[in-house]
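Everything on this sheet refers to the single structure shown next.
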Amino acid sequence: MLVAGNWKMNLDLAAARQLTAGIVSTVGKPKNTHIAICPPFVDLDATYSILHGSGIKLGAQNMYHLDSGAYTGEVSAPMLRAVGCHYVILGHSERRELFGETNQSVSQKAIQAKTHKLVPIVCVGESLAQRDAGVHEGVVEEQVRQSLESLHVGESSELVVAYEPVWAIGTGRTASPEQVTQMHTHIRSILVELFGQKIGTGIDILYGGSVKPNNALELFSQPNVDGGLIGGASLNADDFASIVASADKAATIRF
Ligand code: 13P
């Protein structure tokens, strides 16, 4: 299991330090669950100093697909590695919708992340219109294939996929356990096809979209759900710790 907090564009340096310290002191040491936090770029260095030694991993929310150069405003994989990042979120729906991210750019970035030994958390998910039109499985399948098919994955721990239905993000409306199971099982079959049985079955598939302390256990108990990518609730140490505890409980029940 993996629980990752996506802080999005929230928290300045002082607030990031405070929340990180709060998370370190509340999450404890779950047996079967890895934990990550993904603060804004400017908070990464400071949060890493606080996380260091806690077992909690650091992630970024985006990066560019080249090492360095005249790309004003961008941040590279080597830079993220240098401040202690283990993960990088790629292709979040907010980046796809608001900043023109495509499956092709996500693919380039995922290859670059892996080259620099960052673990990409590749996000996929359909819009409400796509779900209502009944094309959600096809949309997500295309996102998974086009974002990942050029990737060389030697171990299942080198890649994470996050299913985040756009209509569930920040809305308080989660996908139902049946909807989550159906999509995660579909994603699993594509991963097995792309990367083989051993690696494809081992890749963590996270669910994201209004995961809260009161629904996390049910969501994480579904087949092929290997944890969560948490937005709003990751900005509160107690809520985040409770979600981590639910993941660990689900892991204990499952294995
Ligand atoms: P919320 O948990 O706020 O719905 O956000 C989910 C998300 O987008 C995580 O990446």
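Loop-located chymotrypsin sites (Phe, Trp or Tyr not before Pro) in the stretch 43-126 (DSSP state other than H, G, I, E, B) with a sparse environment of at most 16 neighbouring Cβ atoms within 10 Å: 71, 99.
Spacing of the modelled spin labels on residue 218 and residue 13, each 7 Å from Cα toward Cβ, amounts to 4.3 nm. Selection among 53, 156, 13 by position relative to the dipole of the chain gives 53 as farthest towards the positive end (Cβ unit charges, Cα centre). When only the Cβ of Lys, Arg, Asp and Glu is charged (+1, +1, -1, -1), the dipole of the chain relative to its Cα centre reaches about 560 debye.
Each residue of the stretch 222-233 is assigned a 3J(HN,Hα), and the resulting list reads 6, x, 6, 9, 10, x, x, 10, 10, x, x, 6 Hz, derived from the Karplus form 6.51 cos²θ - 1.76 cosθ + 1.60 (θ = phi - 60°), x at Gly and Pro.
Of all beta bridges that DSSP places with both ends in the chain, some 0 percent have antiparallel geometry. Extension gain for residue 32 to residue 49 (0.36 nm times residue separation, less C-alpha to C-alpha distance): 3.7 nm. How high is the FRET efficiency from residue 145 to residue 97, r the C-beta distance, R0 22 Å, rounded to 0.05? That pair, residue 145 with residue 97, gives E of 0.65.
Annotation for the stretch 106-212: trypsin sites (Lys or Arg not before Pro) lying in DSSP loop with at most 16 further Cβ atoms inside 10 Å of their Cβ are 117, 173.
Heavy atoms of the protein chains alone define the surface here; on that basis the stretch 4-65 has 47 Å² accessible area per residue at 1.4 Å probe size.
Ranking 244, 222, 194 by how far each Cα lies toward the positive end of the dipole of the chain (charges on Cβ) leaves 244 at the top.
What the phi angles of the stretch 190-198 give under the Karplus curve with 6.51, -1.76 and 1.60, with θ = phi - 60°, is a coupling list of 5, 5, 5, 5, 6, 10, x, 4, 5 Hz, glycine and proline written as x. For residue 89, the amide hydrogen comes within under 5 Å of the amide hydrogens of 60, 61, 62, 121, counting only partners 5 or more places away or on other chains and with H modelled in the peptide plane.
Scalar couplings 3J(HN,Hα) for the stretch 35-44, obtained by applying the Karplus form with A = 6.51, B = -1.76, C = 1.60 to θ = phi - 60°, are 10, 9, 10, 10, x, x, 3, 5, 9, 4 Hz; x denotes Gly and Pro. Per-atom-type breakdown for the stretch 170-255 gives carbon and sulfur 51% of the accessible area (1.4 Å probe, protein chains only). Here the chain is scanned for GluC sites (Glu not before Pro) in DSSP loops (not H, G, I, E, B) that have at most 14 other Cβ atoms within 10 Å, and the longest stretch holding none of them is 156-255. Taking every C-alpha pair closer than 8 Å and separated by at least 6 residues, the mean separation divided by the residue count of the chain gives a relative contact order of 22 percent. Of the solvent-accessible surface of the stretch 8-108, computed with a 1.4 Å probe over protein heavy atoms with every protein chain present, carbon and sulfur atoms account for 55 percent. For the stretch 1-93, trypsin sites (Lys or Arg not before Pro) meeting the loop criterion (DSSP other than H, G, I, E, B) and having at most 11 other Cβ atoms within 10 Å: 31.
Measuring with a 1.4 angstrom probe and ignoring ligands and nucleic acids, residue 169 comes out at about 30 Å² accessible.
Protein heavy-atom accessible surface, 1.4 Å probe, per residue over the stretch 173-255: 40 Å².
The values are calculated or read from the model by the stated rules, or taken from the named source; none is laboratory data. In this text, all values refer to a predicted model and were calculated from it rather than measured experimentally. So basically every Cβ, Gly included, is an ideal-geometry build from the backbone, and we count neighbours across all protein chains shown. These area figures cover heavy atoms from the full protein model, side chains too; ligands, DNA and RNA do not enter into them. Shrake-Rupley method; radii C 1.70, N 1.55, O 1.52, S 1.80 Å.
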